[in-house]
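Novice: Attaching a single structure in structure tokens format; questions to follow.
Bear in mind these aren't lab numbers, they're just calculated from the coordinates by the rules spelled out. The shown structure was predicted, so the numbers you read here are calculated from the model rather than taken from an experiment. Backbone-built Cβ (ideal geometry, glycine too); neighbour counts: all protein chains shown.
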Amino acid sequence: MEDLRRRLDGVSWVDLFLWGLRIVIILLIVVGAFNTLTSGKYTITTWISLSISGLAQGSIYALIALGYTLVYGILLMINFAHGEVFMAGAFTTVFIANYFNRIGFLNTYPLLAILILMVIAALVSMSVAVLLERIAYRPLRGAPRLVPLITAIGASFFLQYSFRGFYGSGFQTYPTVTALSGTFTVGKVTIPVVQVVVFFAAIALMSGLYWLVERTKMGKSMRAVSEDKEVAALMGIDINRVIVFTFAIGGMLAGAAGVINGLYRPQGVYFFMGFIPGIKAFTAAVLGGIGSVPGAMLGGLFLGVIESIGPNLVLEGLGIDGANQLKDAIAFTMLVLVLIFRPQGILGERLSEKKA
Amino acid sequence: MALLEVNDIHAYYGNIHALKGVSLTVEKGEIVSLIGGNGAGKTTTLRTICGLLHPRGGNIQFDGEDLSRVPAHHLVGKGIAMVPEGRGIFSKLTVQANLELGAYTRNDKAGISEDLEKVFHLFPRLAERRTQVAGTLSGGEQQMLAMGRAMMSRPRLLLMDEPSMGLAPVLVDLIFATITDINKTGTTILLVEQNAHKALQVASRGYVLQTGEIRLSDTAVALQNNAEVRNLYLGIE
């Protein structure tokens, strides 16, 4: 007793509260999962197919999350308009995709058509991201960190309503690609082809990015700039060029993700479509450790899977109805959990004094 | 004509007038030391020369070219390299990657790997640690890395900001011996130091900076014998 009291002496009420919260949350998760699993309502097949669709969705989050993490790594700012960069690509190519569909090109040469759409979307999103940096962020480079953050939110609204002005406020739908609409069966699990294509397309893009950051001269200069801008300049690195390049790469990935997203979830293409994926991808980036490239990839996939299996696994076991509609709640609860348990994210390093 | 001519430069941090008309020259092949107390403007002078800060008045001539408005990242290409204050190594990159960044503006692969070997010859400790992440090096090794990295650009003028700061005496000796070696291979050096004693030993000429102005300038030997310098900076009564 004496010993316990001495140990509790240095612990503040905030710590106690946080510990209580942690224990309650873990208990809820364990109880929920236990109830669901023992009820025998779902078979292992269900869990596998939920995980696969989660991976497909998660790989889209990961692609967008990379844009957040790259920009944060270099400028220590959260580009909250990045969801709109994604929207710009997705929204622009939906019209081109439908045109391709009308003339029959999309279903005659699906692979070529999708590649062309991805390139166009990547270029559109890249231009938006680069203009955003040049017009909205660069003039504020030396300003306190709150200023570019607020600017980013403003830019986000500006982009939403500009695109509403360009393309109207109606909902658009991506055409169905016949080649991707089938399913195939492995063992007892039925997998939609589109999920596999989405996953591997995203993985291919991410591998490309990883190679770029790890192996090329530009990647090395990005890492140098993210560590120390002044010394990087002394090495002869043009800082502004590296920053523009970073925005461009993040924008291209987001644009390509816009088309991939259109294959996976054809509906709901409109001017506000970037908001939720943007916030989710930001969550994924924080989850993985913001500033870390592998972290964003991992965080995205992790968030996708959690969001997919979480509602059935945890919420149903707790007796909550309509659990599937609560997947966003699961996603953002994950954000809160990460911030409580591991503020630096899965692969992140503790914030050093320089960054804090 | 001198390799580097700094003419009456004025530099500011916000509204703080940090340099109030500093002039100095560095001849080809020399080691020139800039000494002075804390806040005298030594680092500011170097930052202004290498383009991290632009002077509001005066000009900087390097080999007959005006550098006053040239951005920092163009200076390496012109032949100026800097060993920054606090070493400024990239702590998450390997030793070798740090050195390769020193040669960022060069495209001659053969020359770069030749110079890499030269640096490893100059600092065998770095060769042993070439695949190690630079943040794990000791202070002395980090200083060697910063110097090696600067040499990787084959500079004509090397600016060094407090290379002996925070190092054990035996390492300080090693660093200063290396400075002399580097100079013998034909690199001109402008050295900023708090360790005035060592700095004046290796230099041919020196400047004493005080609150943003040049207080004294003379040959290193004369400064070592100057009563004021002895009293204020060398700690000899």
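Novice: Over the Cα atoms of the protein assembly as shown, what Rg and Dmax result, in angstrom?
Specialist: Radius of gyration, then largest Cα-Cα span, for the protein assembly as shown: 29.7, 94 Å.
Novice: Could you work out the local net charge near residue B:88, counting Lys and Arg as +1, Asp and Glu as -1, over the other residues with Cβ closer than 11 Å to its Cβ?
Specialist: Around residue B:88, the charge tally is -2.
Novice: Sticking with this one: List the lysines whose Cα sits under 25 Å from the Cα of residue A:327, skipping any in the same chain fewer than 8 residues away.
Specialist: Residue A:327 reaches A:41, A:280.
Novice: If exposed GluC sites (Glu not before Pro) are those in a DSSP loop with at most 13 other Cβ within 10 Å, what is the longest stretch of chain A that has none?
Specialist: Here the longest run is A:1-348.
Novice: Charges at C-beta only: +1 for Lys and Arg, -1 for Asp and Glu. How large is the resulting dipole of chain A about its Cα centre, in Debye rounded to 20?
Specialist: The dipole of chain A has a size of about 440 debye.
Novice: Once amide H atoms are built 1.01 Å from N in the peptide plane, which residues 5 or more positions from residue B:18, or in another chain, come under 5 Å H to H?
Specialist: Distant-sequence amide H within range of residue B:18: B:11, B:12, B:13.
Novice: Ok, one more. Give, in nm to one decimal, the length gained when the segment between residue A:340 and residue A:210 is fully stretched (0.36 nm per residue of separation minus the Cα-Cα distance).
Specialist: 43.9 nm
Novice: Which of A:287, A:313, B:190 comes first, and how do the rest follow, when ranked by fewest Cβ neighbours within 10 Å?
Specialist: Arranged by neighbour count, lowest to highest, A:287, A:313, B:190 become A:313, B:190, A:287.
Novice: Among A:47, A:13, A:19, which comes first, then next, by fewest other beta-carbon atoms within 10 Å? Can you show the working numbers first?
Specialist: Working: A:47 16, A:13 7, A:19 12.
Arranged by neighbour count, lowest to highest, A:47, A:13, A:19 become A:13, A:19, A:47.
Novice: When the C-alpha atoms of region B:1-114 are aligned to their principal axes, what extent does each axis show, in angstrom, from largest down?
Specialist: Projected onto its principal axes, the Cα set of region B:1-114 covers 43, 34, 25 Å.
Novice: Of the candidates A:327, A:217, A:229, which one comes out as most mobile in a Gaussian network treatment of chain A with C-alpha springs shorter than 10 Å?
Specialist: Largest GNM mean-square fluctuation: A:217.
Novice: Still on this model: Give me the percent of DSSP beta bridges within the protein assembly as shown that run antiparallel, rounded to the nearest 5. Don't skip to the answer; put the middle values down first.
Specialist: Working: 27 of 45 bridges.
Around 60 percent of the beta bridges assigned by DSSP in the protein assembly as shown are antiparallel ones.
Novice: Going 7 Å from the Cα of residue A:173 along its beta-carbon direction, which residues of region A:245-286 have the amide nitrogen within less than 18 Å of the resulting point?
Specialist: Under 18 Å, as judged by backbone N against the label point of residue A:173, lie A:261-271, A:273 of region A:245-286.
Novice: When only C-alpha pairs under 8 Å and at least 6 residues apart count, what is the relative contact order of region A:235-324, in percent? Each step should come with its number before you reach the end.
Specialist: Working: 36 pairs, mean separation 11.0, N = 90.
It comes to 12 percent, rounded to a whole number.
Novice: Apply 1/(1 + (r/R0)^6) to the Cβ-Cβ distance of residue B:59 and residue B:17, taking R0 = 22 Å, and write down the FRET efficiency to the nearest 0.05.
Specialist: The value I calculate is 0.80.
Novice: What FRET efficiency do you get for residue B:227 and residue B:168 if R0 is 22 Å and r is their Cβ-Cβ distance, rounded to the nearest 0.05?
Specialist: The pair residue B:227/residue B:168 has a calculated efficiency of 0.10.
Novice: Roughly what would the spin-label model give for residue A:18 and residue A:102, points 7 Å off Cα along C-beta, in nm?
Specialist: Computed distance between label sites residue A:18 and residue A:102 equals 5.8 nm.
Novice: Follow-up. Using a basic spin-label model with each label point 7 Å from the Cα along Cα→Cβ, how many nm lie between residue A:109 and residue B:10?
Specialist: 6.6
Novice: Shifting gears a bit: Between residue A:153 and residue A:181, what is the label-point separation in nm under the 7 Å Cα-to-beta-carbon projection?
Specialist: 4.3
Novice: Decide, for region A:163-210, between rounded, prolate and oblate: order the square roots of the alpha carbon gyration tensor eigenvalues as a ≥ b ≥ c, take rounded if a/c falls under 1.5, and otherwise choose prolate if a/b is larger than b/c, else oblate. Walk me through the intermediate numbers first.
Specialist: On the way: a/c = 3.74, a/b = 1.50, b/c = 2.49.
Verdict is oblate for region A:163-210.
Novice: Would you kindly give the portion of the calculated P(r) for region A:12-341 that falls above 39 Å, as a percent of all Cα pairs?
Specialist: 17
Novice: Compute the normalised compactness of region B:90-198: alpha-carbon radius of gyration over 2.2 N^0.38 Å, N being the residue count.
Specialist: So region B:90-198 has a normalised radius of gyration of 1.02.
Novice: Under the 0.36 nm per residue contour assumption, what length would be gained going from the current alpha-carbon distance of residue B:131 and residue B:117 to full extension?
Specialist: Contour length minus Cα-Cα distance gives 3.6 nm.
Novice: Continuing with the same structure: How large are Rg and Dmax for chain B when calculated on the C-alpha trace, in angstrom?
Specialist: Spelled out, the Cα radius of gyration and Dmax of chain B are 17.3, 54 Å.
Novice: Straight-line reach from residue B:118: which lysines have a Cα under 17 Å away, not including same-chain ones fewer than 8 places off?
Specialist: Within the straight-line limit of under 17 Å, residue B:118 reaches these lysines: B:109, B:184.
Novice: Here is a further query. Apply the Karplus curve 6.51 cos²θ - 1.76 cosθ + 1.60, θ = phi - 60°, to the phi angles in region B:214-221 and return the couplings in whole Hz, x for Gly and Pro.
Specialist: Per-residue couplings from phi come out as 6, 8, 9, 8, 6, 5, 4, 5 Hz.
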